[in-house]
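Take a look at the structure below.
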Amino acid sequence: MTDRDHPEVRDAVRALCKEFDGPYWQKVDEARAYPEAFVDALTKAGWMAALIPEEYGGSGLSLTVASVIMEEITRSGGNAGCCHGQMYNMNTLLRNGSEEQKKKYMPKIATGELRLQSMGVTEPTAGTDTTSIKTTAVLKGDRYVVNGQKVWTSRLQHSELMILLARTTPLAEVKKKSEGMTIFLVDTREAIGKGLTVKPIRNMVNHETNEVFIDNLEIPVENRIGEEGKGFKYILDGLNAERILIASECIGDGHWFIEKASTYSKERVVFGRPIGQNQGIQFPIAEAYMEIEAANLMRYKAAALFDEKKHCGAEANMAKHLCAKASWEAANVCIQTYGGFGFAAEYDVERKFRETRLYLVAPISTNLILSYVAEHVLGMPRSF
């Protein structure tokens with residue numbers, strides 16, 4: 001596949017994004033605000049319901065098409081981090097939720113009445129070692145009582161629903177570390193102030209993310225997703241989708257940087273000629289473009305495997321790694337091409353530079369991907 005695939009989707013998303021130009025994103029970034037108007041427009045146009053089956057009011061599109069939507073948002077100069085959570089969280093509920101849960105929530109999510117944009121997984125002590133989480137859920141009658149803490153829980157202040165991972169069987173009592181964890185669907189409207197406390201984290205990019213403190217939060221049994229103890233397996237569906245969508249956003253960012261750099265290099269005249277005439281300027285731009293194109297192939301391979309319901313853990317990880325790396329190289333090339341002007345907010349380069357840097361660190365670190373490939377693909381000894 002190439003960027004010429006799904007032209008009708010690309011054209012429609014680009015047309016919507018044109019209404020939210022550079023100055024719009026600059027104002028949102030400067031105010032450290034949530035882009036409500038953009039997300040509302042995306043929802044009303046039906047793009048936020050892309051992965052929801054038609055029987056529940058959505059479009060029933062594939063993850064590949066959803067990835068094109070995310071790519072076009074970043075390629076148009078926007079920040080898809082404000083809305084990508086609903087896309088990948090959807091897969092956890094779709095693939096593992098009960099029919100009753102899907103009928104109850106999906107139609108309202110499709111219309112935008114409810115938003116499922118948040119997932120509480122990461123904890124301050126466990127970090128990337130998810131199997132060592134300390135948040136517990138104890139069944140008492142018809143409710144689970146949850147206690148613990150989460151960190152880097154994004155978009156929680158703009159989401160009525162959150163997927164929460166908690167340990168229901170102590171780590172010492174399971175045969176495999178990945179067992180004994182369960183996922184729940186939390187209604188934040190009922191939970192906040194009644195066992196759930198949210199503390200915003202100010203960060204380098206304008207990304208709404210939070211610390212979450214959980215103190216005797218009661219969750220009805222019917223809000224458990226799937227079987228008790230199999231939560232880690234269930235969230236992998238969401239995490240693989242997340243990595244593929246993030247990879248797609250990085251491809252969009254990369255193309256944005258390349259287009260900005262190449263255009264500027266042709267227009268900017270120094271010493272009586274365009275700076276892009278110098279090999280020292282044009283060669284790094286050409287190199288960055290090739291890296292983006294190569295990484296994009298892995299993104300499409302991972303998305304195709306996911307849509308076919310085939311194992312795609314390695315491909316999703318590799319796609320995220322390669323695309324984030326290629327995007328960051330393109331960002332460096334772009335800011336170097338602009339020189340001092342690259343640091344001026346009016347050109348958007350510095351904003352996008354900050355935004356794309358995030359994806360080398362999160363949602364899964366570079367080192368964890370490399371260790372995954374070394375151990376699970378190449379059969380090398382576990383390094384930690």
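Close amide H contacts of residue 217 (hydrogens built in the peptide plane, cut-off under 5 Å, sequence separation of 5 or more or a different chain): 146.
Seen against the Cα atoms of the chain and their longest principal axis, helix 231-267 is set at about 10 degrees.
Extending each Cα 7 Å along its Cβ direction at residue 201 and residue 33, get the distance between those two points in nm, one decimal. Result: 2.5 nm between the two label points.
For segment 8-113, which GluC sites (Glu not before Pro) pass both filters: DSSP loop (anything but H, G, I, E, B) and at most 12 other C-beta atoms within 10 Å? Answer in residue order: 19, 113.
Under 21 Å Cα-Cα from residue 18, which lysines qualify once same-chain neighbours fewer than 8 residues away are excluded? Once the sequence-local lysines are set aside, what remains near residue 18 is 27, 44, 260, 352.
The order of the peptides 156-163, 10-17, 239-246 by mean Cβ neighbours within 10 Å, most packed first, is 239-246, 156-163, 10-17. Loop-located GluC sites (Glu not before Pro) in segment 265-348 (DSSP state not H, G, I, E or B) with no more than 11 neighbouring Cβ atoms inside 10 Å: 308. Comparing Cα centroids, segment 24-81 and segment 311-346 end up 20 angstrom apart.
The trypsin sites (Lys or Arg not before Pro) of segment 248-328 that meet both conditions, a loop assignment by DSSP and at most 14 other Cβ atoms within 10 Å of the site Cβ, are 309, 310. Measuring r between the beta carbons of residue 293 and residue 383 and using R0 = 41 Å, the FRET efficiency lands at 0.85. Extension gain for the segment residue 341 to residue 370, taken as residue separation times 0.36 nm less the Cα-Cα distance, is 6.9 nm to one decimal.
Taken together, the values in this text are just the output of simple stated rules run on the coordinates, not laboratory data. All values reported here derive from a predicted model rather than from experimental measurement. We place every Cβ from the backbone using ideal geometry, glycine too, and count neighbours over all the protein chains shown.
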